[in-house]
Amino acid sequence: MLLTARLNNIRPLVNMLRTICFRPRASCAINASGLVFAVEEAQSIVAEAYLRTDLFATFNYNLALAREQRRARQNGADEESADPDDTTYVSLPLDNLIECLMLFYGPSGGTAGGHSSGIQTTSAMLTGGNPMDLRGASTAHIAFNGLGSDFELMLEERGVISVCRLATFFPETPVNLDFSRSPVVQQLIIRSEWLRDAFNELDPSSEAVAIAISATAPFFRISTVGDNGSTEMTYSKDERVLDSFFCSEEQENRYKLSLILRCKQALALSDKTKIRVNQRGFLSFQFMIPTDADVSFVDFLYAPLVHASELAA
């Protein structure tokens, strides 16, 4: 197999995937370092969940097979002309993947014993009328043999086993907002509880949210203007709020509020959030989410509605 892995507890995986599940399909990058699931919307937001190998009890990526499959897709191109990236890319139905992982949760085990949205499942004990509400740590075995094959899950909970097979798709060309193309001019790390409070105060009738970072007070400002009036939250460089702060160029940029709020689930799970803005006004949120193994990361990258330089002009 190209990929085999085992999880002794599916909760971290489910939590990470749900933070980016605002689109039905995700691209998945597989390599020796782990898995990266990514979704995008309106060519204005890209969200990525990083599932490193330390989240898994076992993780085996068959690098030799990956290279062989890549050469076959390139019609026998030699090693020198082949893409040097040792990553396999595939597209998966993200909502169905989460549904499979949650099979043992809820009163009837979700879709056990049936077919839903292209999912094929078999179960040894679960039936639609069995009011099981299993809250234990389900284990999962993952297997994938490359493009064109199914993504396979074998779940086990207290001796109950279910096998799910998800159809996969050839990956589409990912949207590249190319955050690294311009230097980072603003960066801070904020305790997520403060950011959660700010997001809860934003006027949902607003079309856009303005984010301003400056070298002088107010150092960090989030504001909206909507049907219900204006809302503004400011933050000082108090160490109880900000763990670090850097600003080499003052900017205020506007972003689509509905897209910014896509990150609320990742924000809810995180302890700290790194915020970066590059010279073009592109915004990056990196959420640091504690897991049993260590800290995992979910990144949200946003394109600005109007860049600060355009406003000045």
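Here, each number is a calculation from the coordinates, and none is a lab measurement. Every value quoted in this text rests on a predicted model; they were computed, and no experiment measured them. For neighbour counting, all protein chains shown are included, and Cβ atoms are generated from backbone atoms with ideal geometry for every residue, glycine included.
A few remarks follow.
- Charged side chains reduced to their Cβ positions (Lys and Arg at +1, Asp and Glu at -1) give the range 179-312 a dipole of some 320 debye around its Cα centre.
- Ordering of 263-274, 58-69 by burial proxy (mean other Cβ atoms within 10 Å per residue, highest first): 263-274, 58-69
- Residues Glu249, Glu172 arranged by fewest to most Cβ contacts within 10 Å: Glu172, Glu249
- Three-way shape call for the range 179-312 based on the alpha-carbon gyration tensor, with the a/c threshold at 1.5: rounded
- Taking Cβ atoms as reference points and 10 Å as the exclusive limit, the residues near Arg221 contribute a net charge of -2, counting Lys and Arg as +1 and Asp and Glu as -1.
- If you take all other residues with their beta carbon under 12 Å from the beta carbon of Leu153, and give Lys and Arg +1 and Asp and Glu -1, the sum is -2.
- Sequence-separation-based contact order of the range 179-312, relative, with Cα cut under 8 Å and 6+ spacing, percent: 29
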